[in-house]
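Visitor: Sharing a structure below in structure tokens format, with a few things to ask.
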Amino acid sequence: QIYHDSSHHVLRDIFIKVCSAEPKVTAFNYCYYTGYLYLVFHHILHVINRFKVHNDNQGGEAKRNIHIHMISSAIEYIMENLHLPLSLADITAACCNYSEIYFGKIFKKYTGKTPFEYILDRRIETAKLLLKIKWQATVKEIGYECGFEQPKYFLIAFKKITGKTPSQYRSENIL
């Protein structure tokens, strides 16, 4: 039964992408792989839940599969374009034909975060890694590389999430 489930195909496609990716490890690849691992985990939980809860409503199951595919596509798009300015309109245009409001609700339902929270978390995780390994780059350059257009916003967001400024974090975590 699992082999006819769309989750199986999505998982297979994700593993093919990860396995065929460039072997060189960079901060971007690290976050890219992290996003794919998140997708894999999400799909595995979905398959487990299918066997835990018997659902006679095939329309509901089909809708969930569509939502999961949409969220997977959105996360893939986000991870591939994390370094660029991203808007909800960009994401919905690339991944689905739903309104931005509906997409945002579905995204939060399946990930526990709004699209903007998810993007911000991924950008901060990327910045943390770059601060450790690119000691020659300025904090401002790292902010730009992670998709923050305004250095001040990068500093505020980083401190809000980590409790430290990027400079403090770097001085405590240089590899």
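The values are calculated or read from the model by the stated rules, or taken from the named source; none is laboratory data. Quick caveat: nothing in here was measured; it's all calculated off a predicted structure. Here Cβ is always computed from backbone atoms with ideal geometry, including for glycine, and neighbour counts include all displayed protein chains. Remember, those area values only see protein heavy atoms, side chains included, never the ligands or the DNA or RNA. Shrake-Rupley method; radii C 1.70, N 1.55, O 1.52, S 1.80 Å.
Visitor: Which value, in Å², gives the accessible area per residue of segment 54-137 when a 1.4 Å probe is used on the protein heavy atoms? It would help to have the intermediate numbers written out before the result.
Guide: Values: 4270 Å² over 84 residues.
Accessible area per residue: 51 Å².
Visitor: Follow-up. Strictly over 24 Å apart at the Cα level, which of Lys105/Lys164; Lys140/Lys160; Lys109/Lys140; Lys134/Lys160; Lys113/Lys160; Lys113/Lys159 would you flag in this model? Can you show the working numbers first?
Guide: Working: Lys105/Lys164 31 Å; Lys140/Lys160 17 Å; Lys109/Lys140 34 Å; Lys134/Lys160 22 Å; Lys113/Lys160 16 Å; Lys113/Lys159 19 Å.
Violating the 24 Å limit, Cα to Cα: Lys105/Lys164; Lys109/Lys140.
Visitor: Continuing with this model, one more query. How many nm is it between the label spots at Tyr144 and Lys108, if each spot is 7 Å from the Cα in line with the beta carbon?
Guide: According to this spin-label approximation, the distance is 3.4 nm.
Visitor: A follow-up question, please. As an exercise, identify the GluC sites (Glu not before Pro) in segment 119-148 lying in DSSP coil whose Cβ has no more than 13 other Cβ atoms within 10 Å. Let's see the in-between values first.
Guide: On the way: sites: Glu125, Glu141, Glu145; in loops: none.
Answer in residue order: no site qualifies.
Visitor: Determine, from the Cβ-Cβ distance of Glu61 and Ile161 and an R0 of 41 Å, the FRET efficiency 1/(1 + (r/R0)^6), rounded to the nearest 0.05.
Guide: Details: r = 36 Å, r/R0 = 0.88.
With R0 = 41 Å, the Cβ-Cβ based efficiency is 0.70.
Visitor: Still on this model: Could you compute the FRET efficiency for Asp90 and Glu117, with r as their C-beta to C-beta distance and R0 at 25 Å, rounded to 0.05?
Guide: Details: r = 16 Å, r/R0 = 0.66.
The value I calculate is 0.95.
Visitor: Now for a separate question. Within the set of other residues whose C-beta is less than 13 Å from the C-beta of Ile161, count the net charge using Lys and Arg as +1 and Asp and Glu as -1. Numbers along the way, then the final one.
Guide: Details: positive: Lys113, Arg122, Arg123, Lys128, Lys159, Lys160, Lys164; negative: Glu117, Asp121, Glu125.
Computed value for this residue: +4.
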